[in-house]
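A.B. asks: Below is a structure I'd like to ask you about.
The values are calculated or read from the model by the stated rules, or taken from the named source; none is laboratory data. It should be emphasised that the depicted structure is a prediction, and the values quoted were computed from it without experimental measurement. Positions of Cβ are generated from backbone atoms using ideal geometry, with glycine treated the same way; all protein chains shown enter the neighbour counts.
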Amino acid sequence: MNPGAAAEAVEIEVHLRTDGGAGMARDIRMGLTAKPKELAPKYFYDELGSQLFEQITELHEYYPTRAEREILSQRSAEIVAAAGSPGTLVELGSGSAAKTRHLLSAMRDDGCLATYVPVDISEEITRQTAESLVEEYPGLTIRGLVCDFEHDLERIPNGGGGRLVAFLGGTIGNLYPDARHDFLTRLAALLEPGDRILLGTDLVKETGRLEAAYDEPGGVTAEFNQNVLQVLNREFDGDFDLERFEHVARYDGDAARMDIRLRSLADQTVRLDGLDLTVRFAAGEEMRTEISSKFTREALEGVYREAGLRPDGWFTDAAEDYALSLASV
Ligand code: AVJ
């Protein structure tokens, strides 16, 4: 054996732009001086925010994670077959790849599995996950990409043998229609004939269940939402008092989305020294921190078609709370 002849099983490319937080500062200043005020949901996820989100996924009221896991654990073989037995699984926002193993195992059992391309913002998690996966799936090649895939989508390698590009977790629900359209259009431009997208989306359902999933009595979601103020305090030397903002989660049926906000409990002034910015909140004023869109099959198929994609498969959990759908060019 010539060890030099064997290609490395794991290669990780890192493309993190280090702007020293300038982009975030610009974003936050814009959001806090806009009318109405608004913060982007990506700022939820510092270490505590990520932990709180993990807790949310285990809440009785928060069904999406369980529903998606049910679909993947029961229908991955069908999904892989419907996707044309791809050689490559690309996963956007792969994280610890907990759910991915169902797809990888189905691809292995199908005999098509060759390459996994995790795409994630965290280099540490991507490396750890890659090291575990090459042991769990002998022969698997991993070509990881550490980047912000909203910007660096175009870096995804094209692979022979067909690709399945998975975007799980319902994260697409965070995007406004324009951003969602742009994202899917760019994704569509990357697909070659025979490639598929696999998208996780939460589905429209009774308002009571939706609102309970985003405002449960235990208050973890409220804490998750309020934590974004702590992120700003730390990043920009701010003095937000988390106790003076309450969590609000309403379903907007016209826009088919959860509308998640922080409501100021008093007239108050907040100072962010790091931005040299003073912000006034009126009592009762609401600042949006997240939208989480819900879909019907018809609506999602419309979204696909507008982006130049063809709906190509629909898989739900037994309760039809959540869908994984396939689309191709
Ligand atoms: C991670 C965006 C899918 O929208 O359901 C959960 C985030 N926010 N509870 C969602 C979230 C409040 C979640 N996503």
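A.B. asks: So if I check each of Asp317, Asp267, which one is of a type outside the set (Ser, Thr, Tyr), within 16 Å of the ligand (Cβ to nearest atom) and in contact with a strand residue (DSSP E or B) (Cβ under 9 Å, 6 or more places away or on another chain)?
C.D. replies: Only one candidate passes the filter, namely Asp317.
A.B. asks: Determine which member of the set Thr100, Thr115 is farther than 21 Å from Ala318 by Cα and in contact (Cβ under 8 Å) with a residue 40 or more places away in the chain.
C.D. replies: Thr115
A.B. asks: Scan region 49-99 for residues that are more than 16 Å from the ligand (Cβ to nearest atom), surrounded by 18 or more Cβ atoms within 10 Å (Cβ to Cβ), among the hydroxyl-bearing types (Ser, Thr, Tyr) and closer than 22 Å to Pro157 by Cβ and jot them down.
C.D. replies: Answer for region 49-99, where residues must be more than 16 Å from the ligand (Cβ to nearest atom), surrounded by 18 or more Cβ atoms within 10 Å (Cβ to Cβ), among the hydroxyl-bearing types (Ser, Thr, Tyr) and closer than 22 Å to Pro157 by Cβ: just Thr88.
A.B. asks: Please tell me if Thr129 is hydroxyl-bearing (Ser, Thr, Tyr), over 15 Å from the mean Cα position of the chain (by Cα) and modelled with pLDDT of 95 or more.
C.D. replies: The answer is no for Thr129.
A.B. asks: Do we have any residue at all in region 268-284 that's in contact (Cβ under 8 Å) with a residue 12 or more places away in the chain, among the polar types (S, T, N, Q) and buried (at least 16 other Cβ atoms within 10 Å of the Cβ)?
C.D. replies: Yes, that holds for at least one residue.
A.B. asks: Now a separate question. Any residue at all in region 32-46 that is in contact with a strand residue (DSSP E or B) (Cβ under 9 Å, 6 or more places away or on another chain), more than 16 Å from the ligand (Cβ to nearest atom) and assigned to a helix (DSSP H, G or I)?
C.D. replies: yes
A.B. asks: Kindly indicate whether Leu262 is in contact with a Gly (Cβ under 7 Å, 6 or more places away or on another chain) and either surrounded by 17 or more Cβ atoms within 10 Å (Cβ to Cβ) or closer than 26 Å to Gly31 by Cα (or both).
C.D. replies: No: the conditions fail for Leu262.
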